[in-house]
Amino acid sequence: MNSLIFNSLRFIGLVLLQVLILNQIEFIGYVNPFVYILFIMMLPLSIPGWLLLLLGFGTGYTIDLFMTGAGLHTAATVFMAFARPYVIQLATGAKQPETVNDPGLSQMGMRWWFSYTLSLVVLHHFALFILESFSFSQLGYTLIRIILSVIATELLILLLSYFFSARQGKKK
Amino acid sequence: MYNLVRFLQKHYFILLFVFLEVVALVMLSRSHSYQRAAVNHRTNAIAANIYHLRSDISGYFSLRHQNIMLQKQNAELLKQLALVKEQLPEPDSALKSQIYDYIPATVINNTVDLRNNYIIINKGYRDGVTRDMGLVSPDGVAGIIIGVSEHYATAMSLLHKHAALSIRFLNNDQIANLHWRGGDYHLAEVVDIPSHVIPKEGDTIITSGHSFVFPEGIMVGTVAEHVDSERGNLNTAKVLFSTNFGKLRHVFVVKNAHRKELDALSTIKTNE
């Protein structure tokens, strides 16, 4: 129950942050960080697969409503949600961490959290930017956008997860 | 039957993923050509309202800059008005021949850093805005309206893959098409300049008036760089937009009173 409230608040907060602030700021020309995907990353580890995918769909669709790019973020976020269990497996090895349910910076450790978030950010941004330009003719330009945006998103995500974990640490 | 259920249970994660991804890609592909983007576009009211609220707040910060720009535009228009007045015999005849009307509007959301950018304005069908109307800023052309709701409208920015604009070089009347290649939002490209026409840096580019969307002679930009074609057929020019898309706020929707007539005329022509 507690987790439901936390995750709902995180969803609303991240969507508003994305739509009202990040989408309005111009970072060095054509870099746009997409931190709303942190919501999918921080969902509990025990979440059933169908819910994970549906939440991915819903999150992407919400962002699409605001960005007039019907289906673009939906497709990329569903793809990322699909990849999440496999990335967790790769990052943790075969054994699931039984004591931890909510993944986060403080619970999983910096090294784990960094490789986990970076992998998912890369997967999401690749899907997003390739689908957006929808051609390989400007591959160089698209790649630069992907790399710069991945860096921007990852930095913001680390910053935000530090904030989330600091708050949770105080609660405990 | 039991095997089928077991198969579904075992692989439901992948199957559901494929299903959702297909749904998303269908939505995406529907917005992929200009025509379809325009047909399927609905301006989302909730998103528009949230943007409006934000725009109300952030609008205060650029008031000074906007005021200066509007003043400049006013001065320019007054100058032109004086010139026009000299040429006209009676004011009545001017009203009769007015084809283009301008509806002032405020931009409440606008992007420049995506490959396909859209502008949302605070005027909708209640204010007489309909699809395919032009959108101009005080500095020049900005976009084309593609979706209208009651109080808001969405325009496809010139910074969009499917946005093409018919333009004319002011000094030699050569007609060509302008579009945006992505990247820097200050620069557009004209690719179909015949090889005998060699635009110079700083040449002014205006709308051609061939599209019925924009009247002739609205500022588009200036030539920034001219690229000779290698095979000697069509030259390319890089164009500096006169509109600053990054600071778009006060805009005008261009309404063509003869639009229906012109559209009917072009369908008659194609029917033959």
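Could you check, for region A:76-87, whether at least one of its residues is under 23 Å from B:THR111 (Cα atoms), modelled with pLDDT of 90 or more and not in a loop (DSSP other than H, G, I, E, B)? Taking every residue of region A:76-87 in turn, at least one turns out to be under 23 Å from B:THR111 (Cα atoms), modelled with pLDDT of 90 or more and not in a loop (DSSP other than H, G, I, E, B).
Every condition in (1) touching a Phe, Trp or Tyr at 6+ places or on another chain (Cβ under 7 Å); (2) more than 30 Å from A:ARG145 (Cα to Cα) is met by B:GLY183 except one, and the failing one is (2). When residues in region A:34-61 are screened for being under 30 Å from B:ALA153 (Cβ atoms), crowded, with 22+ Cβ neighbours inside 10 Å and within 11 Å of another protein chain (Cβ to nearest Cβ), 2 of them pass. Restricting attention to region B:100-120 and to residues that are surrounded by fewer than 21 Cβ atoms within 10 Å (Cβ to Cβ) and assigned to a strand (DSSP E or B), the residue that is nearest to the other protein chains (Cβ to nearest Cβ) turns out to be B:THR106. Applying the condition of being in a loop (DSSP other than H, G, I, E, B) and within 14 Å of chain A (Cβ to nearest Cβ) to region B:161-181 and asking which residue is nearest to the chain's Cα centre (by Cα) yields B:ALA163. Scanning region A:62-78 for residues that are more than 7 Å from chain B (Cβ to nearest Cβ) and of a type in the set (Val, Ile, Thr), we see that the one that is surrounded by the fewest Cβ atoms within 10 Å (Cβ to Cβ) is A:THR62.
Residue under question is B:HIS151, and the condition is that it be in contact with a Lys or Arg (Cβ under 7 Å, 6 or more places away or on another chain) and farther than 14 Å from B:VAL213 by Cα; does it hold? Yes, satisfied. Residues of region B:153-171 that are within 24 Å of B:HIS65 (Cβ to Cβ) and not hydrophobic (A, V, I, L, M, F, W, C): B:SER157 alone. For the subset of region B:182-223 comprising residues that are small (Gly, Ala, Ser) and part of a loop (DSSP other than H, G, I, E, B), which member is farthest from B:ILE144 (Cα to Cα)? Looking at residues that are small (Gly, Ala, Ser) and part of a loop (DSSP other than H, G, I, E, B), I get B:SER195. Looking only at residues of region A:79-90 that are closer than 15 Å to B:LEU20 by Cα and more than 9 Å from chain B (Cβ to nearest Cβ), we find that the one that is surrounded by the fewest Cβ atoms within 10 Å (Cβ to Cβ) is A:ALA83.
Kindly establish whether B:ASN235 is of a type outside the set (A, V, I, L, M) and free of Cβ contacts under 8 Å to residues at least 60 places away in the same chain.
Working: of a type outside the set (A, V, I, L, M): yes; free of Cβ contacts under 8 Å to residues at least 60 places away in the same chain: yes.
Yes; evaluated as a whole, the condition is true for this residue.
Each residue in region B:224-256 was checked for being assigned to a loop (DSSP other than H, G, I, E, B) and under 19 Å from the mean Cα position of the chain (by Cα), and 5 of them qualify.
Say whether the condition of being within 14 Å of chain A (Cβ to nearest Cβ) and on the phi < 0 side of the Ramachandran plot is met by at least one residue in region B:121-138. Checked region B:121-138: at least one residue is within 14 Å of chain A (Cβ to nearest Cβ) and on the phi < 0 side of the Ramachandran plot.
Suppose we keep only residues that are more than 14 Å from B:ARG249 (Cα to Cα) and at pLDDT 90 or above within region B:135-152. Which one would you say is nearest to the chain's Cα centre (by Cα)? Taking the candidates together, the pick is B:ILE144.
Residue-by-condition table, conditions (1) among the polar types (S, T, N, Q); (2) modelled with pLDDT under 90; (3) touching a strand residue (DSSP E or B) at 6+ places or on another chain (Cβ under 8 Å); (4) farther than 16 Å from A:ALA76 by Cβ:
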site	(1), (2), (3), (4)
A:HIS125	no, no, no, no
A:PHE129	no, yes, no, no
A:SER133	yes, yes, no, no
A:THR142	yes, yes, no, no
A:VAL150	no, no, no, no
A:THR153	yes, no, no, no
A:LEU158	no, no, no, yes
A:SER165	yes, yes, no, yes
A:LYS171	no, yes, no, yes
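Among the listed residues B:LEU178, B:LEU158, B:LEU165, which satisfies the condition of being closer than 20 Å to B:ASN244 by Cβ and either touching a helix residue (DSSP H, G or I) at 6+ places or on another chain (Cβ under 8 Å) or surrounded by fewer than 20 Cβ atoms within 10 Å (Cβ to Cβ) (or both)? Let's see the steps before the verdict.
Numbers: B:LEU178 fails: either touching a helix residue (DSSP H, G or I) at 6+ places or on another chain (Cβ under 8 Å) or surrounded by fewer than 20 Cβ atoms within 10 Å (Cβ to Cβ) (or both); B:LEU165 fails: either touching a helix residue (DSSP H, G or I) at 6+ places or on another chain (Cβ under 8 Å) or surrounded by fewer than 20 Cβ atoms within 10 Å (Cβ to Cβ) (or both).
Only one candidate passes the filter, namely B:LEU158.
Condition check ((1) more than 12 Å from every other protein chain (Cβ to nearest Cβ); (2) at pLDDT 70 or above; (3) part of a helix (DSSP H, G or I); (4) within 30 Å of B:ASP132 (Cβ to Cβ)) across all residues:
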| residue | (1), (2), (3), (4) |
| --- | --- |
| B:PHE13 | no, yes, yes, no |
| B:ALA24 | no, yes, yes, yes |
| B:ILE57 | no, yes, yes, no |
| B:LEU63 | yes, yes, yes, no |
| B:ILE68 | yes, yes, yes, no |
| B:LEU77 | yes, yes, yes, yes |
| B:LEU95 | yes, no, yes, yes |
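In region B:143-150, is there at least one residue being touching a residue at least 40 places away in the same chain (Cβ under 8 Å), surrounded by fewer than 17 Cβ atoms within 10 Å (Cβ to Cβ) and not aliphatic (A, V, I, L, M)? Yes, there is a match, as at least one residue in region B:143-150 is touching a residue at least 40 places away in the same chain (Cβ under 8 Å), surrounded by fewer than 17 Cβ atoms within 10 Å (Cβ to Cβ) and not aliphatic (A, V, I, L, M). Modelled with pLDDT under 75, within 25 Å of A:GLY71 (Cα to Cα), hydrophobic (A, V, I, L, M, F, W, C) and assigned to a helix (DSSP H, G or I): does that describe B:ILE50? Answer is yes for this residue.
The values are calculated or read from the model by the stated rules, or taken from the named source; none is laboratory data. Note that the structure is a prediction, hence the values are computed from the model and not measured. When we count neighbours, we look across all protein chains shown, and the Cβ atoms used for this are built from the backbone with ideal geometry, even at glycine.
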